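The values are calculated or read from the model by the stated rules, or taken from the named source; none is laboratory data. Just so it is clear, the structure is predicted and the values come from calculations on it, not from any experiment. Backbone-built Cβ (ideal geometry, glycine too); neighbour counts: all protein chains shown. Side chains are part of the model used for accessible areas, which takes the heavy atoms of the whole protein and leaves out ligands, DNA and RNA. Shrake-Rupley method; radii C 1.70, N 1.55, O 1.52, S 1.80 Å.
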Amino acid sequence: QAKAAGRRTYMRYDDSMEATIRRRATLAGALHKALDRGELHVVYQPRQSLATSRITGAEALLRWSSPEHGEIVPAEFIPLAEENGMILEIGEWVLREACLALQRWRQHGLDGLTISVNMSVLQLLRGDFAGVVRRVLDDTGVPPQALELELTESVLMANAAQTAVKLHAFRELGVSLAIDDFGTGYSSLAYLKRLPITTIKIDQTFIADLGHEPEGAAITTTVVAMAHGLGLNVVAEGVENQVQADFLALHHCDEIQGYWVSRPLDAVACMAFIRNRQPPARSAASQPASSP
Ligand code: C2E
Ligand code: MG
Ligand code: MG
Ligand code: MG
């Protein structure tokens, strides 16, 4: 009896493994054509300053709408693109799209914004990505100061020596560097100090814990203090409610990103959102500022 049950369990496991492998192969094949077929697009999630309430910029997030397979989330297709190297081509395309979007916003009078683009380890370690970034900035007219590249903490930790050298090349270009999903990868303080980073993004799992688990609050306040001690900008990811936003403001987190500010939007909607959210310009400051 037990043996039979065990066998059944094993069979199910085996079947689902096979289904997973088959889906991965199918999606990898479809992804090869996705870029040329126009199935990929980029959405933008605004980021807000807690001190001024101003929108400081937006993060570019990749989307894939496949006619055959429906909406596929980045968590599923980015690893596939990393495995077969497609992320190099796709990543460059995202970077260019994001810079073009920012340049359009700038041309419509929105100043002082930063566009953040996620970067995969393969992009960092393979070839001359700093050269790619310089070319995209030149082509689009975006100043280096307006671009921020995000790298996950685990990536930095896994390739410590190599990444440090590469990151310095980006800083020399004048672009900002953020550590994404911070708190999940056990970085040491001493290690962080050696990297030319400008921003830390606290992982959303800790933000989700705020108001429930004491660990979330402890980690968040510690990371903010540590980041400020190192002269870094700190952003909280995945902020979904006022309790979280208030806690972060109270503890001097610099910026928030999450559904509380806005869901990711297409480039046109994001521009409209930013325009609506910006407080009146200085010239209108004769009236008392009403904070939202
Ligand atoms: P990430 O860079 O940490 O991006 C934040 C993720 O959290 C996004 O998921 C975003 O949609 C989601 N999010 C934002 N606000 C909230 C919130 O309030 N609550 C919750 N629960 N989630 C929120 P998304 O778009 O599915 O992207 C997942 C990950 O895929 C990203 O995590 C990033 O690591 C990766 N990714 C996305 N686009 C790219 C890309 O162009 N290149 C590379 N290499 N990776 C990308
Ligand atoms: Mg990110
Ligand atoms: Mg993140
Ligand atoms: Mg992530």
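On the basis of being surrounded by fewer than 20 Cβ atoms within 10 Å (Cβ to Cβ) and either modelled with pLDDT of 95 or more or within 16 Å of ligand 3 (Cβ to nearest atom) (or both), does residue 199 make the cut?
For residue 199, the condition - surrounded by fewer than 20 Cβ atoms within 10 Å (Cβ to Cβ) and either modelled with pLDDT of 95 or more or within 16 Å of ligand 3 (Cβ to nearest atom) (or both) - is not met.
Identify the single condition in (1) in a helix (DSSP H, G or I); (2) within 15 Å of ligand 1 (Cβ to nearest atom); (3) crowded, with 19+ Cβ neighbours inside 10 Å that residue 148 does not satisfy, given that it satisfies every other one.
Failing condition for residue 148: (1).
Return the residues of segment 223-245 that are out of contact with any Gly (no Cβ under 9 Å at 6 or more places or on another chain) and either within 16 Å of residue 51 (Cα to Cα) or more than 16 Å from ligand 3 (Cβ to nearest atom) (or both); say none if nothing qualifies.
Answer for segment 223-245, where residues must be out of contact with any Gly (no Cβ under 9 Å at 6 or more places or on another chain) and either within 16 Å of residue 51 (Cα to Cα) or more than 16 Å from ligand 3 (Cβ to nearest atom) (or both): 224, 225, 226, 228, 229, 230, 231, 232, 233, 234, 235, 242.
Can you work out which of the residues in segment 109-121 that are open to solvent by 20 Å² or more (accessible area, probe 1.4 Å) and within 16 Å of ligand 4 (Cβ to nearest atom) is farthest from residue 45 (Cα to Cα)?
Checked segment 109-121; the qualifying residue farthest from residue 45 (Cα to Cα) is 121.
Can you pull out the helices (runs of 4 or more DSSP H) entirely within segment 54-134 that have at least 3 residues that are hydrophobic (A, V, I, L, M, F, W, C), in contact with a helix residue (DSSP H, G or I) (Cβ under 7 Å, 6 or more places away or on another chain) and closer than 27 Å to residue 274 by Cβ?
Those helices (runs of 4 or more DSSP H) span 87-107.
Among the residues of segment 233-252, are any small (Gly, Ala, Ser), more than 13 Å from residue 153 (Cβ to Cβ) and at pLDDT below 95?
No, there is no match, as no residue in segment 233-252 is small (Gly, Ala, Ser), more than 13 Å from residue 153 (Cβ to Cβ) and at pLDDT below 95.
In segment 64-75, what residues are out of contact with any Ser or Thr (no Cβ under 9 Å at 6 or more places or on another chain) and either among the polar types (S, T, N, Q) or open to solvent by 60 Å² or more (accessible area, probe 1.4 Å) (or both)?
The answer is 65, 66, 67, 73, 75.
Consider residue 263 carefully, then state whether it is basic (Lys, Arg) and either more than 16 Å from ligand 3 (Cβ to nearest atom) or more than 30 Å from residue 40 (Cα to Cα) (or both).
Against the criterion (basic (Lys, Arg) and either more than 16 Å from ligand 3 (Cβ to nearest atom) or more than 30 Å from residue 40 (Cα to Cα) (or both)), residue 263 does not qualify.
For segment 83-108, enumerate the residues that are touching a residue at least 40 places away in the same chain (Cβ under 8 Å), open to solvent by less than 60 Å² (accessible area, probe 1.4 Å) and under 18 Å from residue 146 (Cα atoms).
92, 94, 95, 98, 99, 101, 102, 105
Taking the stated definitions as given, is residue 52 open to solvent by 10 Å² or more (accessible area, probe 1.4 Å) and under 15 Å from the mean Cα position of the chain (by Cα)?
Spelling it out, it is not the case that residue 52 is open to solvent by 10 Å² or more (accessible area, probe 1.4 Å) and under 15 Å from the mean Cα position of the chain (by Cα).
Can you tell me how many residues within segment 202-245 are within 16 Å of ligand 2 (Cβ to nearest atom) and over 21 Å from the mean Cα position of the chain (by Cα)?
The qualifying residues number 0.
Check residue 200 against each of (1) touching a residue at least 40 places away in the same chain (Cβ under 8 Å); (2) touching a strand residue (DSSP E or B) at 6+ places or on another chain (Cβ under 7 Å) and name the one condition it does not meet.
For residue 200, the failing item is (1).
Out of all the residues in segment 168-192, which are at pLDDT 80 or above and away from ligand 1 (no atom under 16 Å from the Cβ)?
Within segment 168-192, 168, 169, 171, 172, 173, 174 meet the criteria.
Mind counting the residues in segment 202-215 that are among the small types (Gly, Ala, Ser) and either within 14 Å of ligand 3 (Cβ to nearest atom) or surrounded by fewer than 13 Cβ atoms within 10 Å (Cβ to Cβ) (or both)?
1
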